[in-house]
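Trainee: Please find one structure pasted underneath; my questions will follow.
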Amino acid sequence: MKSIIENANWSIPSFIENKNYKFDKEKILTSLPEKFIDEAIQSISKWESYVPTPLRKLNKLNRELGFKEIYYKDEDKRFDLKSFKALGGAFAVNKIANEKGNVTFATATAGNHGRSVAWGAQRLGLKCKIFISEFVSESRAKAMKDLNADVIRVKGNYDASLQECIKQSEQNNWEIVQDVSWEGYKEIPKLIMAGYTIMIKEIIDQIKDNSFTHVFLQAGVGGMAAAMIAGFAKFSNSIPKFIIVEPQNANCVFESIANNKATTVNIVNETIMGGMSCGDVSTVAWEILKNATNYSLTITDDEISTVVAMLAEIKLSEEKIIAGECAVPGIIALIGLYKKKEYLSKLDLNSNSKILLFGCEGLTDTAMYEKLLKDGLKKI
């Protein structure tokens, strides 16, 4: 494995320190209210199929990098949806249905969020409309159709599918359950984010000594990243450094931090990490991310397949881990930082570092996973 770390292209195209960092617990838990978090955890933990997902140690990787510990939250085991997204959309659907009754739900998605909304609607016997871009695989589309959702494919990227979802929902009086917020649409994204926070509650329960020093957080629209920070604000007495990881070609959070304001990114070249291919940061997430993140960086697609294969072949851990393309950016970023000694010093990454990574999805797209695994095996 050492040769892979030494010879592969673990590049970090851009890296920035957040000059406006100030961790304000009260402000964070105002942006994502504790009452939403409490309600989400109480609700989800009572679902019939609920089981906390595993927190695994990447001991083989850590022996090469020399930190204290590297933990990986394995969301491949989340319900039958194999993604953390199952927590948010389905919770919001459940709450809305309890309040409004027989409604039709709608959302735009790159895959995993849509499955959660569709699953939530199916559980309640309600209709669901899912809007996807031309870049979403047919495998992901089928997974949502199998949950009785009507899937509408839209020409263009994710942002185009979102605009079409909003347009048709307004025309048909459908209830939008979207994981990105905009002016006048903020409460439902907060409910979705609240659902995600149960991951931190599980981690705190799984490791009583939860004094992590560094947490790597993938960002698309930023909802998961902001929710994890809110989870730490609520459940942990120890606040780590938070590092945002994005695709080089879809770095709206990075640009927003660099410009000190929410910034739109025009996505010209699509990334393999489709679930993170977002041009705009959620306004609700931005309220948390703009001050509570320490660093932001980007990665390329180059080593996605490498890490997928290394996890499957037990090169990083003592057990096989099935990871989708959006599960591995934290590992790539960590190795990339290791290769740049000046970054190690800046982030204070050393033998005392206790690191948390989020394997936010597992086998959610069989065709994509098999291709990545095949390509990755050639490299390792």
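Trainee: Pairs Lys82/Lys341; Lys60/Lys374; Lys19/Lys190; Lys57/Lys145; Lys73/Lys127; Lys208/Lys374: which are spaced more than 29 Å apart, C-alpha to C-alpha?
Mentor: Numbers: Lys82/Lys341 35 Å; Lys60/Lys374 22 Å; Lys19/Lys190 26 Å; Lys57/Lys145 35 Å; Lys73/Lys127 32 Å; Lys208/Lys374 38 Å.
Listed pairs above 29 Å: Lys82/Lys341; Lys57/Lys145; Lys73/Lys127; Lys208/Lys374.
Trainee: Still on this model: Loop-only trypsin sites (Lys or Arg not before Pro) in segment 22-86, please: DSSP not H, G, I, E or B, and at most 16 other Cβ atoms within 10 Å. Display every interim value, and only then the final one.
Mentor: Numbers: sites: Lys22, Lys25, Lys27, Lys35, Lys46, Arg56, Lys57, Lys60, Arg63, Lys68, Lys73, Lys77, Arg78, Lys82, Lys85; in loops: Lys22, Lys46, Lys68, Arg78, Lys82.
Here the trypsin sites (Lys or Arg not before Pro) that fit, given the DSSP loop and packing criteria, are Lys22, Lys46, Lys68.
Trainee: Taking amide H atoms as placed 1.01 Å from N in the peptide plane, list the residues 5 or more away in sequence, or in a different chain, whose amide H sits under 5 Å from that of Ile322.
Mentor: none
Trainee: Separation of segment 56-102 and segment 281-318 by C-alpha centroid, Å?
Mentor: The distance from the Cα centre of segment 56-102 to that of segment 281-318 comes to 14 Å.
Trainee: Would you mind telling me the antiparallel percentage of the DSSP bridges in the chain, rounded to 5? Before the final figure, lay out the partial values.
Mentor: Values: 8 of 38 bridges.
About 20 percent, rounded to the nearest 5.
Trainee: List the residues, sorted by chain then number, that are 5 or more residues from Glu175 or on another chain and whose placed amide H is less than 5 Å from its amide H.
Mentor: The list, which skips near neighbours in sequence, is Thr104, Phe105, Ala106.
Trainee: For Asn98 and Arg63, FRET efficiency with R0 = 45 Å and r from the beta-carbon atoms, rounded to 0.05? Mind dumping the intermediate values first?
Mentor: Values: r = 49 Å, r/R0 = 1.09.
That pair, Arg63 with Asn98, gives E of 0.35.
Trainee: How big is the dipole moment of the chain about its Cα centre under a simple scheme where the beta carbon of each Lys and Arg is +1, that of each Asp and Glu is -1, and everything else is neutral? Debye, nearest 20, please.
Mentor: Working: 48 positive and 47 negative charges, 115 e Å.
Using Cβ point charges on Lys, Arg, Asp and Glu, the chain gives about 560 debye.
Trainee: Could you list Leu363, Leu32 so that the one with the fewest beta carbons within 10 Å of its beta carbon is first and the one with the most is last? If you can, show how the numbers build up before the last one.
Mentor: On the way: Leu363 14, Leu32 27.
Ranked by crowding around the Cβ, least crowded first: Leu363, Leu32.
Trainee: When all C-alpha to C-alpha distances in segment 85-182 are sorted into bins of 5 Å, what percent of pairs does each bin hold, rounded to whole numbers?
Mentor: Per 5 Å bin, starting at zero, the Cα-Cα P(r) for segment 85-182 comes out as 3, 16, 28, 27, 19, 6, 1 percent.
Trainee: Counting other C-beta atoms within 10 Å, which of Ile244, Ile335, Ile152 has the fewest, and how do the rest follow?
Mentor: On the way: Ile244 28, Ile335 22, Ile152 16.
In order of increasing Cβ crowding within 10 Å: Ile152, Ile335, Ile244.
Trainee: Return the long-range amide H neighbours of Asn18 (sequence gap of 5 or more, or a different chain), with a cut-off of under 5 Å between placed amide H atoms.
Mentor: Residues meeting the criterion, in which the H sits 1.01 Å from N, are Tyr295, Ser296.
Trainee: Kirkwood hydrodynamic radius, computed over distinct alpha-carbon pairs, for the chain: how many Å, to one decimal?
Mentor: Numbers: mean 1/r = 0.0489 Å⁻¹.
Computed over Cα pairs of the chain, the Kirkwood hydrodynamic radius comes out at 20.4 Å.
Trainee: If you don't mind, there's one more thing I want to ask. Explain nothing, just compute: Karplus ³J(HN,Hα) = 6.51 cos²θ - 1.76 cosθ + 1.60, θ = phi - 60°, for every residue of segment 338-353 in order, whole Hz, x for Gly and Pro.
Mentor: Per-residue couplings from phi come out as 4, 6, 10, 4, 5, 6, 4, 5, 5, 8, 6, 8, 7, 5, 9, 7 Hz.
Trainee: Restrict the search to segment 140-216; then list the trypsin sites (Lys or Arg not before Pro) that DSSP places in a loop and that have at most 15 other Cβ atoms within 10 Å of their Cβ. Before the final figure, lay out the partial values.
Mentor: Values: sites: Arg140, Lys142, Lys145, Arg153, Lys155, Lys167, Lys186, Lys190, Lys201, Lys208; in loops: Lys155, Lys186, Lys208.
Of the trypsin sites (Lys or Arg not before Pro), the ones in loops of segment 140-216 whose Cβ has at most 15 other Cβ atoms within 10 Å are Lys155, Lys186, Lys208.
FYI, it's all coordinate maths here, none of it is from the lab. Predicted model only: the values in this text are computed from it and were never measured. Glycine gets a Cβ as well: all are built from the backbone with ideal geometry, and neighbour counts include every protein chain shown.
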